[in-house]
Amino acid sequence: MADHAKPWTESMPDEQFQFIHDILAAPSPIGLEAAMTQGVLRPYMERIAPAGAAVRNFKGHAGVVLDTHPGRDDLFTVMVIGHADKIRMQVRSIGEDGKVWINSDSFLPTTLIGHEVSIFSEDPAAPGSYRRFDGGTVEALGAIHFADPKVRSGDQGVKKEQLYVELQVHGEEKKKQIEDLGIRPGDSILMNRPIRPGFSPDTFYGAYLDNGLGCFVAAESARLVAEAGGPSNIRVLFAAATYEEIGRFGSRVLVSEMRPDAVIGVDVNHDFVAAPGIGDKRMSPVTMGKGFTMSVGAIVSEQLNRRVETVARDNDIPIQRDAVGPDTGTDGMAGVLGNVDCAATSVGMPIRNMHTISESGCTRDVLACTHAVAETLKALDAEETEPGTLAERFRNQHPRLDQATPQRHPG
């Protein structure tokens, strides 16, 4: 029987799943993230914000932050960051035969072929106004009959320079037909694939789980904290950053400007157990369906991790440890990259097929991550019994391995 006090043990309610759908469906390519941040997240944040909170926009990018205590720089401040930008393809050039040549960005070229895409093009006659062109597919070979024998046998792959969007243009002056539409080099291209429930229970699949799911966790943890009365002793910044996929630049700006004392980056993670050809490399045994993940290594604060792990244990929230080596690979690095002294960690959800059109996840992992973040924030708020308590503890309670307890084999 499901434990109704533990939502991560149950199927996600339809309303919550629809919210994930709406976040992931928002066209939010790198540099053009406002559809997600301003169109979906900001209205939601304004609706669930606790009394006195404010939602902030920025000049140079489309990031958004729900600030529980605007102007209270004296409070211990925690930032929870997801990133709203999606990897995208871009138009490179237009061929005489009407082919729209594109780059592959962070996609494997072979994963793109045959999939439907949408081109988002700024109107040359009205800068700042955008149009959407649907009905195109990504191609590279045209047909197996035209492929090199090595490609047909699988001995050779498809090169990124071979990729183009097929818009079915025919007739005379094919290139001019495309140019007359106003499609130009640099226009963004996104997969046209909304998420949908998966075959297995509590699963879903589609494009761009990376990283609308992190933004969902930030927004939903904000709701949970607000419904519990909001933080009284600490300031929390629930953020959707930009530019993560090209170097985590948006989160650097956020932490540099808002100076949090602690950062919790939320991003998707890999299901290493299910990844083809990875199991024998002895990666962390992180897998879909067994809970949220917590990074260990790189710049991660063991003090912050200790609090996350304690909350997970005390609330029976399933948690998986992920060894990340020199870099978390997420916005959890923002404090260091933004040259801000803050404790940082990275949490997330294991998914399969990252950076493809068929990314797959488990709703129970998403709920586990959401509630772990919310409960960690509540615990930090309760720990700040007097102003400065948390800051003092984070400064003076770094783990001392020279004080580690010697252990012997139990025999």
Estimated Rh, the range 7-82: Kirkwood, alpha-carbon pairs, angstrom: 14.2
Cut-off under 5 Å, modelled amide H: who pairs with residue 296 long-range: 322, 323, 324
Hz values of 3J(HN,Hα) by residue in the range 338-344 - Karplus curve (6.51, -1.76, 1.60), Gly and Pro given as x: x, 6, 10, 6, 8, 6, 9
Simple label model, 7 Å out from Cα along Cβ direction - residue 281 to residue 106, nm: 1.7
Calculated SAXS-style log₁₀ I(q)/I(0) at q = 0.14, 0.17, 0.20 Å⁻¹ - the range 89-191, Debye, Cα scatterers: -0.54, -0.76, -1.01
In the range 95-198, GluC sites (Glu not before Pro) in a DSSP loop with at most 11 other beta-carbon atoms within 10 Å: 96, 172
Percent of beta bridges antiparallel (DSSP, the chain, rounded to nearest 5): 55
Ranking of 83, 21, 69 by count of other Cβ atoms within 10 Å, fewest first: 21, 69, 83
For the chain, alpha-carbon Rg relative to the globular expectation (2.2 N^0.38 Å, N residues): 1.06
Relative exposure of 155, 331, 271, judged by other C-beta atoms within 10 Å (fewest first): 155, 271, 331
Residue order, fewest to most beta carbons within 10 Å, for 389, 9, 242, 287: 389, 9, 287, 242
Span-like helix ranges in the chain, DSSP H, alpha carbon extent 24 angstrom or more, Kyte mean at least 0.5: 209-227
Note, ³J(HN,Hα) from phi for the range 352-358, Karplus 6.51, -1.76, 1.60, rounded to Hz, x at Gly and Pro: 10, 6, 4, 6, 10, 7, 10
Within the chain, helix-based [θ] at 222 nm, where runs of 4 or more DSSP H residues each add -39,500 (n - 2.57), nearest 500: -8000 deg cm²/dmol
Per-bin percent of Cα-Cα distances, the range 248-307 [5 Å]: 4, 14, 20, 18, 19, 11, 10, 4, 1
Options 291, 117, 37, ranked by Cα towards positive dipole end of the chain, top entry (Cβ charges): 291
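No lab work stands behind these numbers, since they all come straight from the coordinates. Since the structure is predicted, the reported quantities are computational estimates derived from the model, not experimental observations. FYI the Cβ positions are ideal-geometry reconstructions off the backbone, even for glycines, and counts take in every protein chain you see.
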